[in-house]
1. Which one of the conditions (1) more than 9 Å from every other protein chain (Cβ to nearest Cβ); (2) touching a helix residue (DSSP H, G or I) at 6+ places or on another chain (Cβ under 6 Å); (3) open to solvent by less than 20 Å² (accessible area, probe 1.4 Å) does A:Ser6 fail to meet, given that it meets all the rest?
2. If you check every pair at least six apart or on different chains, which have Cβ atoms under 6 Å apart with a residue in the range B:95-107 that is touching a residue at least 40 places away in the same chain (Cβ under 8 Å) first and a residue that is among the aliphatic types (A, V, I, L, M) and assigned to a helix (DSSP H, G or I) second?
3. Of the residues B:Gly91, B:Gly52, B:Gly28, only one is touching a Cys at 6+ places or on another chain (Cβ under 8 Å) and either closer than 23 Å to A:Pro45 by Cα or open to solvent by 40 Å² or more (accessible area, probe 1.4 Å) (or both); which?
4. Residues A:Gly215, A:Gly264: which one is farther than 22 Å from A:Met155 by Cα, open to solvent by less than 50 Å² (accessible area, probe 1.4 Å) and at pLDDT below 90?
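The values are calculated or read from the model by the stated rules, or taken from the named source; none is laboratory data. Nothing here was measured: the structure is a model prediction, and the numbers come from that model. In this analysis, Cβ positions are derived from the backbone assuming ideal geometry, glycine residues included, and neighbour counts consider all displayed protein chains. Just so you know, the surface numbers come from the protein's heavy atoms only, side chains and all, with ligands and any DNA or RNA stripped out. Shrake-Rupley method; radii C 1.70, N 1.55, O 1.52, S 1.80 Å.
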Amino acid sequence: MNTVWSYLIAFAVWPGLLFAAPLGWLELWFMRKLVARLQGRRGPPFFQPFFDFMKLLGKQTVIPRGVSRGIFLALPLVSVGAVTAALAIVPLPGNPVPSLPGDVVLLLYLMEVPVLCEVLAGYVSRSIYGQVAAMREALLSLAYNLPFLVAIIAMAQEAGSFRMSALQAAPYGIVHLLAGVTFLLALPARMKLNPFSIANAEHEIVADSHIEYSGPPLALFKLSHAVELVLLTELFAVVFIPATPWPLVNLLVYLAAGILVLGGVTLLATATARLRLAQAFRFYWVWGGIASAVTMAATLVR
Amino acid sequence: MNLIERVVAISRRRSPWICRLNAGSCNGCDIEITPLLSPRYDAEQLGVELHGTPKHADIVLISGTLTLRSREAILDIYAQVPNPKAVVALGSCPASGNVFAGSPLVLSESLDSVVPVDVWVPGCPPRPQAILDGIARAARLLEDGATKSQLQNWQGRLS
């Protein structure tokens, strides 16, 4: 098969949009349903995230006065494109993309693009709430990226390569455990969930940084978030769950691990209240910093 | 109506996002909205989400006596809601001014003279079940393309 075709298939079909979008909606529904059940409610119907997406596609787009039309409409597209391209690099079983040297670096870069898009979306909207949300998002990304990046870089150090397939095939050891915990530490903030949801504190700053977005662009931002959930959970599974020689078993294990991680993160989000920005920042630089130091030390000791 | 239009129409009924607008209410109606999101009534079963910004809303819940100052705000916020949209008037106040009718600072008119109202929910305050029923009726109107704003401007529809 031609290399260009394999990239296109990985982006558009598997593990790209065609499968990631329904999987992301499934994960969103699972989180909402779990929160509802934990609060003693019935919760949304199974197709709710899909209905939300389709409804937003059929709505009018209101562009605020004085906002540059091009960048306003381009940001959600870039966000979805980047997060899907990142997912296409993850070596899930059956992914047609060949492993490149240094694709870990590309993956980490692409994973920052949706965050950047959200920050820019808040600033270009000319809404004071959007700008506050963007500022918080940007500051929080400085905090949670410490443990997040260290977890992946420690695994690259352990595997001796910046290749995703090498990370996946690295012999299981203590570093996996430590780096996995460090990764999980960063996960709630990356998913914008309680207690690190200060950037989308709807009771305080009305909404998150897409406050001025409506219609299809908002739908794309929601889709980007759904695909990002799949990306984060599957990245955790691929890097930190030991692989078996059978691809189909691997796939099932990865999906189950993803749902399990989401369940744990949702449980934490339901049980905790929102931290202030300074508290969240301090948490990540103190506890995230300690976890990062221990993880890096473990890779160097061996 | 092709398949995608049909799916979008169904989605409008299944995913009504609401936004509250207090136009001079005593807060009674607004307090009756909060139980909708609680375990007892759980509006999320119907896909209802409460949003703070009119840009994300499909249905605007307007409560309270219309005052001289809130008229402009209602028009402004109504214009910010992207089409297609529905308006639900909560309680007796938007309909008639209720006990405040005739006061010097109160616009003694029905809300219908300011923005097109699709569903009236009577009561002072209305019961949460009645508000939920009003939202469900407005969502059904959105599916049928029968809200007053949809009938007024056809370009708001997908077709």
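1. A:Ser6 satisfies every listed condition except (2).
2. none
3. Values: B:Gly91 fails: either closer than 23 Å to A:Pro45 by Cα or open to solvent by 40 Å² or more (accessible area, probe 1.4 Å) (or both); B:Gly28 fails: either closer than 23 Å to A:Pro45 by Cα or open to solvent by 40 Å² or more (accessible area, probe 1.4 Å) (or both).
Just one listed residue meets the conditions, B:Gly52.
4. Numbers: A:Gly264 fails: at pLDDT below 90.
From the options A:Gly215, A:Gly264, the qualifying one is A:Gly215.
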